[in-house]
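The values are calculated or read from the model by the stated rules, or taken from the named source; none is laboratory data. All values derive from a computational prediction rather than experimental measurement. Note: ideal-geometry Cβ built from the backbone for every residue, glycine included; neighbour counts use all protein chains shown. Remember, those area values only see protein heavy atoms, side chains included, never the ligands or the DNA or RNA. Shrake-Rupley method; radii C 1.70, N 1.55, O 1.52, S 1.80 Å.
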Amino acid sequence: MSPWVDTLDEGKTDTVVKFQDVSVRRDRMWLVQNICWTVRKGENWAIVGPNGAGKSTLLNVLQGYEWPTRGGVQVLGKVMGRADWREVRARLGWVGQGLGDWMSRYHAGDPAGLVVATGAMGQIGSRTRAIPVAIETKAQATLAGLGLDYLHNRPFGRLSQGERQRVLVARAWMADPGVIVFDEVTAGLDLAGRQQVFESLAALTKNRRNAPSLLYITHHVEEIGPWFSHVLVLREGGVVAQGTREQTLSDAVLSAAFGVHVQLTWQDGRPWARVSSAGGQSMP
């Protein structure tokens, strides 16, 4: 067993995710190196960085689809190498474009309430078994809690892109997960759709006891609103910075991450970045 695994504290209740000196190598290339990152209960993290920064690799490791070349991983009190990761994966909620595209193609006629209900049963669509009344009731309450009760009977295929993503947020919530991962959920959305997603994020993090930690993958700094407490900034498989939003998001950090001169301003609790010419030169 890896010496890193032996040092992790299995069952520690305040640690939601812990990556300890995690590195992943594939085909003689290091995808991520020496990642040390801890998510504690009550924290919601945005993970930001350019293409190739290592964001997808971290998600694959989190789910157990990618095994660290070295280092240790702990998720929801379970240590990779000691636990059945299928059980861990069942407690990870997931919201991304892939699932929305699948539902739109094969289950477009399913009403939104049914799509949400299936999240509590580990199935997609209604063809495998009937939905218990208690789960149907919970699905309706979950939609209402996100301000989406008006969508309950509307076919998934007739929803806007923003509405689909919000319904998938409600679906992820149904399984009472310890973590919900948002994988570039605003890709392809217009301004209204993005705002709808942000409203759902705000609702998830407001006045909810025992709420799951949110992990939000993005390229866009302006999406890191006040519903996130912390930020992990990556570049070329390494950590540029991590900590609270205020500690982490700065001109210097973002310039180092994206390789251009970035100027950051704050408006209504959200950061906004623009690229400065700075003599027309890119950062090293």
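Structure values in brief
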{"read-out": "Protein accessible area in the chain, 1.4 Å probe - carbon and sulfur %", "value": "48 percent"}
{"read-out": "Label-to-label distance, nm, for residues given as TRP30 and TYR65 (7 Å Cα→Cβ offset)", "value": "2.4 nm"}
{"read-out": "For a label point 7 Å along the Cα-to-beta-carbon line of GLU246, residues of the range 183-217 with backbone N under 13 Å", "value": "none"}
{"read-out": "Residue-averaged [θ]222 nm for the chain, counting only DSSP H segments that reach four residues, each worth -39500 (n - 2.57)", "value": "-8500 deg cm²/dmol"}
{"read-out": "Stretch gain in nm, segment ARG89-VAL260, where the contour uses 0.36 nm per residue and the Cα spacing is subtracted", "value": "57.9 nm"}
{"read-out": "The range 166-284 - percent relative contact order, Cα under 8 Å, separation 6 or more", "value": "19 percent"}
{"read-out": "Under Karplus coefficients 6.51, -1.76 and 1.60, residue-wise ³J(HN,Hα) of the range 265-273 in Hz, glycine/proline x", "value": "10, 10, 8, 6, x, 10, x, 10, 10"}
{"read-out": "Average accessible surface area per residue within the chain, 1.4 Å rolling probe, Å²", "value": "48 Å²"}
{"read-out": "Gain on full stretching of the segment that runs from TRP272 to ARG82 - 0.36 nm per residue minus C-alpha separation", "value": "64.2 nm"}
{"read-out": "Cβ crowding within 10 Å averaged over residues, with 35-41, 17-23 ranked highest first", "value": "17-23, 35-41"}
{"read-out": "By average C-beta atoms within 10 angstrom, highest first, the peptides 263-270, 211-218, 113-120", "value": "113-120, 211-218, 263-270"}
{"read-out": "Under the Karplus curve 6.51 cos²θ - 1.76 cosθ + 1.60, θ = phi - 60°, whole-Hz ³J(HN,Hα) for the range 136-149, x wherever Gly or Pro sits", "value": "4, 5, 5, 4, 5, 5, 5, 4, 4, x, 9, x, 10, 4"}
{"read-out": "Listed peptides 157-164, 27-34 by packing density, highest first (mean Cβ within 10 Å)", "value": "157-164, 27-34"}
{"read-out": "Nearest-ten-degree value, helix 161-174 long axis tilted from longest Cα axis of the chain", "value": "80 degrees"}
{"read-out": "Between 0 and 90°, nearest 10: helix 191-204 axis offset from the chain longest Cα axis", "value": "90 degrees"}
{"read-out": "Cα-projected label distance for HIS220 with ALA130, points at 7 Å along beta-carbon direction, nm", "value": "4.3 nm"}
